[in-house]
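The values are calculated or read from the model by the stated rules, or taken from the named source; none is laboratory data. Nothing here was measured: the structure is a model prediction, and the numbers come from that model. Here the Cβ positions follow ideal geometry from the backbone for every residue, glycine too, while neighbour counts run over all protein chains shown.
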Amino acid sequence: MGLSSWVSGSARGEHPDRPFTGYKLAHAALSADGAKTGFAGLTMGAGHVYGVVAEATCVWNSRHQSPRRWCGCGFYCLHALTDALSLGCATENRSALLIEVAASGRYIRYERGLRYSRQRVRAIKQAWCGCGRPGVALADAGSGLVGWRHLAPACDQCVAGRPTLTLREFVARLDGRIRIDEGPDGLAQLPGMAAPAETTAEQPFAVLTAEIALLHARLDNLQARLDG
Amino acid sequence: MRLGKEQSAGYVEDTEVDSIAVDEVKAEITIDSAERAPLTPTAHPSIPVG
């Protein structure tokens, strides 16, 4: 199918000299035998697991190539990392990884992102545990597809006692090489939230001790009244 | 995922993959291996010519 059959308008047939950089969310997935890992989409692509390099196919109509203008098919990504971070705040997306991709092949460009036919995952940029700490490992998310378990990021404190796969082990089982970004815009603390101080864990005991002291004082006061 | 208003369309090659492939091919060619030497013409070709 030629390019002119599915695009129109003044921008028909753009030919950039390098692939686009995009950001998106995806669920980490582990094969049933534990030998392979991959990524699963969140919405339309939720029924498929893809590897480091993948070609888009339409889940509704295999007779046309993705992406088709009047169909919602194809890979999706956002131009800005901040938009992907915003998407990750939604309840249903909390257990997803934020990944950087190189988007290529046939594409339709929109204000905030792209729909495209070929994708190569470059890096895992964010993997937050449900508690808000950076995820260092991946644990069974309790959901999945036939042949694949979804994995959810977990921090070093929440993984205690649970079977997990470290991020590096996850990457090693992919069908290609990708980075794990641990820089300032990578696996960092949640924006606007500080790591807890070391004394925070002791605070509940301090409050309880103060409340018991107050109760004792009231009991002493009551006893004094009864005695008087 | 809401992407906003459509702006343009086109086609782009994944040039980063191609550059890796070229590097790997170069590495293959530079291997100093005796088994690869017969690719050069010999004094007694096995296929008669002329």
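Just a yes or no: is a residue in the stretch A:148-169 part of a loop (DSSP other than H, G, I, E, B), assigned by TED's automatic domain parsing to the domain that holds A:A35 and under 19 Å from A:A46 (Cα atoms)?
Looking through the stretch A:148-169, none of the residues is part of a loop (DSSP other than H, G, I, E, B), assigned by TED's automatic domain parsing to the domain that holds A:A35 and under 19 Å from A:A46 (Cα atoms).
Filter the stretch A:107-133 down to the residues that are among the aliphatic types (A, V, I, L, M) and not in a loop (DSSP other than H, G, I, E, B), then identify the one that is nearest to the other protein chains (Cβ to nearest Cβ).
The qualifying residue nearest to the other protein chains (Cβ to nearest Cβ) is A:I108.
Return the residues of the stretch A:105-128 that are closer than 17 Å to B:L3 by Cα and either of a type in the set (G, A, S) or at pLDDT below 95 (or both); say none if nothing qualifies.
A:G113, A:S117
What is the one condition in (1) within 11 Å of another protein chain (Cβ to nearest Cβ); (2) surrounded by 14 or more Cβ atoms within 10 Å (Cβ to Cβ); (3) over 24 Å from A:A137 (Cβ atoms); (4) at pLDDT below 95 that A:L42 does not satisfy?
(3)
Could you figure out which of (1) under 11 Å from the mean Cα position of the chain (by Cα); (2) within 21 Å of A:P16 (Cβ to Cβ); (3) among the polar types (S, T, N, Q) isn't true of A:S95?
The number of the failed condition is (2).
For the stretch A:95-106: of the residues being out of contact with any Ser or Thr (no Cβ under 9 Å at 6 or more places or on another chain) and in a strand (DSSP E or B), which is farthest from the other protein chains (Cβ to nearest Cβ)?
Looking at the filtered set, the residue picked out is A:L97.
Just name the residue that is modelled with the lowest pLDDT out of those in the stretch A:177-210 that are within 18 Å of A:H27 (Cα to Cα) and surrounded by 13 or more Cβ atoms within 10 Å (Cβ to Cβ).
A:G186
Does A:G135 fit the bill of being crowded, with 20+ Cβ neighbours inside 10 Å, in contact with a Cys (Cβ under 8 Å, 6 or more places away or on another chain) and not polar (S, T, N, Q)?
yes
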